[in-house]
1. From the convex hull of the Cα coordinates of segment 12-134, what is the mean projected area in square nanometres?
2. Can you tell which of Met303, Ala120, Ala131 lies farthest toward the positive end of the dipole of the chain, using +1 and -1 charges on the Cβ of basic and acidic side chains (Lys, Arg; Asp, Glu)?
3. Could you order the peptides 370-379, 236-245, 77-86, 326-335 from most to least packed, using the average number of other C-beta atoms within 10 Å per residue?
4. What FRET efficiency comes out for the pair Arg82/Arg225, r = Cβ-Cβ distance, R0 = 35 Å, nearest 0.05?
5. What is the count of Lys pairs in the chain whose alpha carbons sit under 28 Å apart, if the two are 8 or more places apart or on different chains?
6. Ratio of Rg to Rh for segment 80-197, alpha carbon only, Kirkwood?
7. Which number comes out as Rg/Rh for segment 193-239 once both Rg and the Kirkwood Rh are worked out on C-alpha atoms?
8. Quick one: Karplus J couplings for segment 264-279, per residue in order, coefficients 6.51, -1.76, 1.60, θ = phi - 60°, nearest Hz, x for Gly and Pro?
Amino acid sequence: MLVLAVVAALGLARQRGTAVQVVAVARSGIVQSVVATGRLNAPARLDIGAEVTATVQDVLVREGDRVKAGAVLLRLSDAEARAALQQARAALQEARGRATQQASVTAPVASQAVVQAQAAFTAAAREHQRARELVAQGFFSQQKLDDAQRALDTARSALESARLQAQANQPSGVERALAASRVDQAVAAVAVAEARLARLSITSPLDALVLTRNAEPGSMAQPGRVLLTLAAQGSLRIDAGVDEKNLRLLTPGMAARAVADAYPGQSFDAQLSYIAPAVDPQRGTVEVRLAVPQAPAFLRPDMTVSVELVGGTKADALVLPSGAVRDADREMPWVLRLKDGRAVRTPVTLGLRGIGSVEIVAGLKEGDPIIPQTEKALPGDRVRPGPAVVNDQRFEVPSGMIR
């Protein structure tokens, strides 16, 4: 009788099937969201350095200071540059004075020299003609005519030279052009000296917040060394990485809620503004940026923040835990439904996906018992229901529910 009882019990157990935990399809609200962790960043971050090697003379800002565009941040030693600028300005003044002298003195003198040379040439020509006549009459020797010829040639050469000099000093002449060129060179030298001096006074290119200060008076500034780090003032943004499997859920303009780890009880609004065109192959994430239109006063650059991007909400939906849906990320998701004492593969259509839950659009109805993936059951297995779970609460499924 004992053996018969054991055999009967085993047969009854096989007939009833393996006990499995089930979850029931429930009707509740659902929010589709994507959770990510990121950091706060300013619209732009600038590393300020020097273009030349020089000693730091003054540092006029400290960490946390807010500066306006054009404000002097620090000064480098500039005694040599100031002396070079003074020298260049003196050379410019000299070049302009010489140009004025050429126009007001040299040019008129050259013109008068032409008049004098012309008069001397005319007198030499008359003297030459007179000497020729007197030599022909025998009053003077040939030596007298040779002297007159030599005086005439000298006067002619002097006249030609005076004409060339006068032509060079005309407004279109070479001397005027040279004088103007010297002035232009001096002006350029002053500009170079001013630029070199300006590089020794480092200013802010925009309205910004001073993040770090890496220089003190007396230290050496060199090209490539960061002296100050600035964060541009303006709306903060959040840089975060989202798992690539959630890429299909992201759309520009999505609303989001963010909370800084340093202030967990004070959330603030954000909005998705940028989605990277490529996926990081090493991390398997997609870079996103979120604008913070009204940043609370306690936010600081580089703060760690948690972000929840809200893709959609529904107040009344059929919902299952995510662990009960199989192949959820593939084209044909399905569940194991408990029906007539067996595990039946049932295709479903999914809707919104929340944190730990998913909406069932088609394929199931409210109250259907579903076998989660944690249970060791395969399609076609004979099973019997254990405790069911609805909204994280267990209850016993009446046998009349199982169809």
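1. On the way: hull surface 117.8 nm².
It is 29.5 nm².
2. Highest projection toward the positive end goes to Met303.
3. On the way: 370-379: 17.0, 236-245: 19.1, 77-86: 14.9, 326-335: 13.4.
The packing order, highest mean first, is 236-245, 370-379, 77-86, 326-335.
4. Details: r = 24 Å, r/R0 = 0.67.
The calculated FRET efficiency here is 0.90.
5. Working: Lys245/Lys314; Lys245/Lys365; Lys245/Lys376; Lys314/Lys365; Lys339/Lys365; Lys339/Lys376; Lys365/Lys376.
The result is 7.
6. Working: Rg = 24.1 Å, Rh = 17.6 Å.
Rg divided by Rh gives 1.37.
7. Values: Rg = 13.7 Å, Rh = 13.0 Å.
Ratio of gyration radius to Kirkwood radius: 1.05.
8. Those phi angles translate into x, x, 10, 7, 8, 7, 8, 8, 5, 10, 8, 10, 4, x, 10, 9 Hz.
Laboratory data are not the source of any read-out in this text; all were calculated from the coordinates shown. Quantities reported herein were computed from a predicted structural model and do not represent experimental measurements. Neighbour counts run over all protein chains shown; Cβ positions are idealised from the backbone, glycine included.
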